[in-house]
Amino acid sequence: VRHQRGNFAIKRSDQKEDNNVRRWKAALTEVANLTGMVLSTSRSEMDFITEIVDKVQCKLDLKQLRTPAHLTGMESRVEVIDS
């Protein structure tokens, strides 16, 4: 995808479509330039997957919310969500 050549079978009937083709090519080039992770033969696949999950979780920056088990007034709200 890095060096697109030839016809992509897109009819270019106006400037808007031509702009879309340029944007798609730029997006494909950007994706091609991303660096991936490589699984070496010296480590296990499970460790590799764990590392990937850890990196994704760090990038997502998820916040864990904890609520008391018997929070007053929540039963009716839960029923609405479940229905």
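Here, each number is a calculation from the coordinates, and none is a lab measurement. For clarity, every value in this text was computed on a predicted model and none was experimentally measured. Note that each Cβ is placed from the backbone with ideal geometry, even for glycine, and that neighbours are counted across all protein chains shown.
At a 10 angstrom cut-off on C-beta neighbours, averaged per residue, how do the peptides 53-59, 77-83 rank from highest to lowest?
53-59, 77-83
Under 12 Å from the Cβ of VAL53, count the other residues' Cβ atoms, weight Lys and Arg +1, Asp and Glu -1, and hand me the total. Show your work: numbers first, answer last.
On the way: positive: LYS55, LYS59; negative: ASP47, GLU51, ASP54.
Here the count lands on -1.
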